[in-house]
1. Using alpha-carbon positions, what is the distance between the centroids of the range 511-528 and the range 198-229, in Å?
2. In straight Cα distance, which lysines are under 19 Å from K516, not counting same-chain residues fewer than 8 positions off?
3. Determine by what factor the alpha-carbon radius of gyration of the range 1-109 differs from 2.2 N^0.38 Å, reporting the quotient.
4. Give me a comma-separated list of calculated 3J(HN,Hα) values for the range 430-446, in order, Karplus coefficients 6.51, -1.76, 1.60 applied at θ = phi - 60°, integers in Hz, x for any Gly or Pro.
5. List the chymotrypsin sites (Phe, Trp or Tyr not before Pro) within the range 117-175 that DSSP assigns to loop and that have no more than 16 neighbouring Cβ atoms inside 10 Å.
6. Between the range 308-360 and the range 262-300, what's the alpha-carbon centroid distance in Å?
7. Rounded to the nearest 10 degrees, what's the angle between the helix 589-600 long axis and the longest principal axis of the chain, both from Cα atoms, 0 to 90?
8. Where q = 0.06, 0.08 Å⁻¹, what log10 of I(q)/I(0) comes from the Debye formula for the chain, counting one point per Cα?
Amino acid sequence: MVPTSEFHNLYRHGFARVAVCVPEVRIAQPQHNAQATLELLAQAAGQGAALALFPELGLSAYTCDDLFHQRALLDACEQALATVIEGSRAHAVLAVVGLPLRVQQRLYNCAAVVHMGRLLGVVPKSYLPNYAEFYEARQFNAAATASAREVTLAGQTVPFGADLLFQAEGCSDFTLHVEICEDLWVPVPPSSYAAMAGATVLANLSASNVTIGKAEYRRTLVASHSARCVAAYLYGSAGEGESTNDLAWDGHALICENGECLAETERYAGGSQLITADIDLERLQHERMRQGSWVQCAQAHAERLAVMRRVVFEPRWSLRGPMPLQRSVARFPYVPSNPAQRDARCAEVFHMQVQALVQRLRASGQQRLVIGISGGLDSTHALLVCARVMDRMGLPRSRILGVTMPGFATSERTLGQALALMAAVGCEAQTIDIRPSCLQMLRDIGHPAGQGEAVYDVTYENVQAGERTSHLFRLANRHGALVVGTGDLSELALGWCTYGVGDHMSHYGVNASVPKTLMQYLVRWVADQGTLGAEGSRTLRAILDTEISPELVPGHAGGQPAQASEATVGPYELQDFHLYQVLRYGHRPSKVAFLAHHAWGSGPDARYTLAEIKAHLRTFLDRFFRTSQFKRTCVPNSPKVGSGGSLSPRGDWRAPSDADSALWLRELDEGVPDA
């Protein structure tokens with residue numbers, strides 16, 4: 001088993017901490033700028049970063065103009081680079097710094113990649129802006145003009161060119177490509193090819209002066225390019241100290257990962273700045289592997305990719321001792337934390353469910369629906385969808401037959417909520433007491449409960465579930481209707497449904513890709529809208545406050561249910577988190593536990609200890625991989641509503657029903673300490 005301290009090290013779980021540095025420069029003072037660079041490099045090292053990116057021409061300052069043709073400045077820049085190389089010996093950080101360099105009587109705008117006293121390679125800028133306020137072609141040459149493939153600096157001969165990939169030895173997940181400013185702004189940036197060749201971390205040294213609206217465009221450009229390349233993209237820009245002869249500078253730096261902005265500097269902050277972010281290299285690799293078109297596109301450009309050169313370096317980031325994750329991990333990955341985004345998500349999901357059921361009704365030629373109403377969460381939301389379907393089709397809500405079927409353990413609370421909900425919706429409501437038919441079934445099969453004995457086993461439970469489904473299907477036959485299923489994604493993941501003739505089966509399942517945590521917000525969203533009136537909203541909120549229970553075993557005195565679903569399958573809020581990480585990203589159990597502990601087990605509002613997370617994750621893994629797949633292989637049709645995945649065997653998840661969970665449980669035991 002991994003030691004507890006090492007379990008809490010982000011590098012053990014496929015993450016890498018990266019930094020973007022914005023030093024306060026002085027124009028044409030390379031030694032000062034070298035010292036400013038080393039000071040920020042030390043800060044990045046102190047924060048455990050594996051990579052530190054600095055601005056374009058940061059050793060000279062970007063705004064030197066024709067001073068770039070002065071030999072004194074160019075000599076001083078090479079000496080400053082030597083200072084940075086020597087100073088980097090003390091820090092286990094890959095540093096990327098910018099400077100002007102002479103190569104074969106030509107001047108290039110370059111990035112030097114430095115690691116612990118070694119110069120690994122030099123990358124010249126591919127595309128030179130020569131429009132508006134930019135006149136780089138006056139001083140520099142583009143990378144394509146270079147015939148040299150090597151350059152000697154500070155006594156080291158290293159690769160030179162825009163075709164370099166810097167790969168961490170023993171960790172192919174970390175492969176760096178470097179480009180410079182304008183290279184990102186062209187239709188096909190060099191990093192596009194680098195990403196297809198395997199680069200997961202794309203770094204851009206930029207100067208990029210500020211004008212009105214440019215920051216937002218910059219942010220959009222960097223985020224969208226990181227998404228297109230399925231990569232992390234680091235963008236560093238010039239800040240204080242650059243000449244303001246004709247321009248202004250805001251020191252805008254960004255770290256994005258696959259379309260998401262992880263960190264951003266405060267613009268116009270003054271002085272030097274440093275931002276860090278923890279990028280998930282494993283997740284990037286998984287996304288590329290999962291996206292088959294990625295490989296197809298790379299194959300289409302195979303000739304271009306084959307000529308790229310790899311420079312291997314030995315990473316020195318520490319796997320020993322704790323290094324907590326400094327990254328926001330959503331407790332509820334299926335539910336946006338921003339209220340406005342959450343409301344928009346609820347509306348979108350609701351519209352998708354409604355549209356899907358409308359199409360199924362039209363295709364089947366039916367105009368009636370039958371649905372079982374328990375007074376609980378899932379059937380409540382499904383009924384709300386059915387009501388909106390009738391509205392969309394211009395049909396009266398009385399075309400919905402809502403049936404509540406009290407059994408041996410139905411509480412007065414849930415029965416009352418079911419009746420109140422149907423009244424608020426305005427559907428046809430029917431109550432069928434299933435106890436007589438269940439007793440007959442129990443007697444027929446020789447179960448002791450049929451003779452009045454208090455034997456409350458799984459047979460006793462499933463007889464009730466089966467009777468309810470049987471009634472619904474026969475009612476659908478009688479009324480020419482479709483049975484609407486109410487089961488949700490969380491229940492399918494955990495196998496918390498009665499197989500076959502039970503809540504597993506319907507003609508169409510509107511909720512099958514909606515997790516329990518999102519379902520709660522969907523119902524609350526409808527309650528907040530007030531579309532069912534004040535009394536209807538009160539009923540919806542009462543349902544939200546009701547403990548989740550199958551109500552199949554007679555309850556305690558006072559009407560409290562004897563069963564609580566979460567006591568058996570674990571808390572839905574945590575199991576939905578586990579489901580998202582396993583289904584969407586294929587993370588191994590130890591990484592899921594690491595992320596869950598970061599989201600749920602740390603900070604002032606911690607909810608679960610690592611031991612509790614491990615126990616609930618064990619329950620999830622065993623039920624998900626071993627005991628439940630046979631139920632998922634024959635689920636009814638249902639619409640996929642989220643990018644987090646569905647469990648339909650015709651869509652996102654196809655797996656053998658007779659697989660075993662041993663592999664996942666073993667990795668959990670070996671990779672996660674008990675406390």
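The values are calculated or read from the model by the stated rules, or taken from the named source; none is laboratory data. Not measured: the values here are computed from a predicted model. Don't worry about glycine lacking a Cβ; one is built from the backbone with ideal geometry, like all the others, and counts go over all protein chains shown. Accessible surface is based on the protein model in full, side chains and every heavy atom, while ligands, DNA and RNA are left aside. Shrake-Rupley method; radii C 1.70, N 1.55, O 1.52, S 1.80 Å.
1. 36
2. Within reach: K631, K640.
3. On the way: Rg = 16.9 Å, N = 109, 2.2 N^0.38 = 13.1 Å.
In units of the globular-protein estimate, the range 1-109 measures up at 1.29.
4. Here the 3J(HN,Hα) series is 9, 10, 10, 7, 8, 4, x, 5, 5, 4, 4, 4, 4, 5, 4, 9, x Hz.
5. Details: sites: Y127, Y131, F134, Y135, F140, F160, F166, F174; in loops: Y127, Y131, F134, Y135, F140.
Those that pass, being in a loop and sparsely packed, are Y131, F134, Y135.
6. Cα centroid of the range 308-360 versus Cα centroid of the range 262-300: 13 Å apart.
7. Here the helix axis deviates by roughly 90 degrees.
8. So the normalised log intensities are -0.45, -0.71.
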